[in-house]
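Notes follow once the structure below has been shown.
The values are calculated or read from the model by the stated rules, or taken from the named source; none is laboratory data. Note that this is a predicted model, so its numbers are computed, not measured. So basically every Cβ, Gly included, is an ideal-geometry build from the backbone, and we count neighbours across all protein chains shown.
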Amino acid sequence: MTAAGMTDADTDPGAPIRAVASRLKSARTRGELGTIVAKEIAAYTLFDLQIIGGRLNSEIEKLPSPYREAIRPYFRQQIFGKHHELLAMHRSGAFSRLDDPVRDRETFDAFCAMLPEGCFAWDDAGERNPYFRNPKNRLFYYLIAAFTMFVLEEPGHPVGMPFPGGFTVENRGGKYYCLIRDKEKELSWSICNFCPALQAEEHR
C-alpha cells in the first residue's frame with residue numbers, strides 16, 4: 001500500500017507508515033530514494049493536495065503580521081515547490097543519474113525510524129512547521145522533506161526562510177547554516193534534527 005492508501009478505518013493506522021519507512025530505508029542511492037519518494041507522492045490525489053494546501057494556508061493565516069506575509073512564500077516553496085520539483089525530476093529520468101550514496105546513512109536511517117512516531121505527533125504547533133494534524137498529511141510533509149534533505153541535499157526549510165527573531169536559513173559559499181537547527185532537539189520528530197544545514201553561531 002502506498003502512502004495515500006491510508007484510512008482512518010485501518011485497524012493499525014501505523015502499519016502503512018511503517019511500510020513506507022521501510023521502503024525509504026531500502027534506498028541505497030539518492031536516485032533510488034528519489035524514485036521511491038516520487039512513487040509514494042504520486043499516490044496522493046488532487047483532493048489530497050487541496051486538503052494539504054488548505055491546511056497549510058489556514059496555519060499561515062494564524063501567524064501574526066508581518067511575519068505571516070514574510071514566511072508565506074517560503075512555506076509554499078518548502079511544500080509545493082519541492083513537490084513540483086520532485087515530480088519533474090522523476091518524469092525527466094533525472095533520478096537515474098543520481099547514483100551516489102544517500103548522505104549520512106546513520107542520520108537517514110534515524111529519519112526513517114522516526115516517521116511512524118512523527119506522523120502521529122500532534123503537539124508540534126510552533127511557528128517553524130506547518131501543523132498537519134492527520135497522519136497521511138504529515139507523511140506527505142515528511143516525504144517532501146526526505147526528497148529535499150537526502151536527495152537534493154538541501155535544508156528542510158528553504159534558504160532565506162525567516163524565523164522569529166530575525167534569523168534566516170543561509171547559504172554561505174555552498175554550505176548551509178541555520179541558527180535554530182539545534183533548538184529542535186527536544187522534538188524527536190522535527191525535520192531539523194536530520195537537516196544537512198549546520199548550526200549557525202548567534203553572533204558572527
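Here are some notes:
- For region 29-48, residues that are in contact with a Phe, Trp or Tyr (Cβ under 9 Å, 6 or more places away or on another chain) and farther than 17 Å from residue 148 by Cβ total 1.
- Only a single item in (1) buried (at least 16 other Cβ atoms within 10 Å of the Cβ); (2) at pLDDT 95 or above is not met by residue 189, and it is number (2).
- Out of 172, 181, one residue alone is crowded, with 18+ Cβ neighbours inside 10 Å and either touching a residue at least 12 places away in the same chain (Cβ under 8 Å) or out of contact with any helix residue (DSSP H, G or I) (no Cβ under 7 Å at 6 or more places or on another chain) (or both). It is 181.
- If you go through region 140-177 and keep only what is assigned to a strand (DSSP E or B) and either basic (Lys, Arg) or on the phi > 0 side of the Ramachandran plot (or both), you end up with 172, 175.
- Condition met for residue 136 (in contact with a Cys (Cβ under 9 Å, 6 or more places away or on another chain) and among the charged types (D, E, K, R)): yes
- Taken over region 40-59, the criterion of being in contact with a helix residue (DSSP H, G or I) (Cβ under 9 Å, 6 or more places away or on another chain) and without any contact (Cβ under 8 Å) to a residue 40 or more places away in the chain is satisfied by 49, 53, 57.
- Filter result for residue 20 (in contact with an Asp or Glu (Cβ under 8 Å, 6 or more places away or on another chain) and aliphatic (A, V, I, L, M)): yes
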